[in-house]
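What follows draws every value from the coordinates through simple rules; no lab data is involved. Just so it is clear, the structure is predicted and the values come from calculations on it, not from any experiment.
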Amino acid sequence: MFNLKRQPQRQHLQKNRIMTRNVLFAVFVVLVVSSISFGITKFGDMVFDDKAGSMKKAGVSPAVFPHSKHEELYKCDACHPKIFKDKRGVNDITMQKNIDGKFCGSADCHNSEKAFPLYHCNKCHAAKK
Ligand code: HEC
Ligand code: HEC
């Protein structure tokens with residue numbers, strides 16, 4: 001009698017355990033997928049030195065772009081793809097373009113009160129020579 005009563009209960013418990021495992025697994029999958037698609041990326045600091053020659057002539061170091069810091073402050077699509085294509089080295093940034101309101105000098109960027117201005121050369125040109 002007792003055994004007959006316990007049996008279904010145990011089955012029930014086991015089902016619960018399987019359910020819990022499935023739910024936990026689903027949560028895990030969602031977390032992994034969303035951290036990829038919502039871009040929990042953190043690229044760290046990027047050094048821009050394709051124009052190393054002209055920067056040296058002008059007496060400044062290569063530029064350091066703290067990508068992670070910008071990720072914390074702005075959404076990815078504030079910059080990509082309108083201001084910067086999201087591929088290293090394809091943007092051909094020059095100071096003339098920055099001054100003309102492109103790239104780093106875009107509206108609301110280092111051409112506005114929201115960030116330090118373009119004449120603070122060494123804040124960007126900060127790579128160790
Ligand atoms: C303030 C502007 C800005 C924001 C915000 C920003 N990025 Fe970027 N990102 C850049 C710049 C600048 C580069 C370098 C492009 C280059 O080398 O010409 C870059 C490069 C990249 C690259 C190329 C990396 C490589 O090694 O080729 C990827 C991918 C990328 N960003 C993804 C993201 C994602 C995802 C986010 C949001 C979490 C984000 N970015 C936020 C400006 C930004
Ligand atoms: C907001 C960041 C920032 C500031 C401020 C800044 N630069 Fe730049 N500068 C860059 C970036 C990014 C590049 C592109 C470097 C590369 O891709 O090689 C660049 C490129 C350059 C270059 C080489 C390309 C060219 O246009 O000839 C020179 C020279 C230069 N900057 C000088 C200066 C001087 C001088 C100042 C101050 C008056 C200054 N920069 C301020 C970010 C900045």
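For Asn122 and Leu13, calculate 0.36 nm times their separation in residues minus their Cα-Cα distance, and state this gained length in nm to one decimal.
32.7 nm
How large is ³J(HN,Hα), in whole Hz, for each residue of the stretch 116-126 in order, when computed from phi with the Karplus curve 6.51 cos²θ - 1.76 cosθ + 1.60 and θ = phi - 60°, using x for Gly and Pro?
4, x, 5, 7, 7, 3, 6, 5, 9, 7, 10
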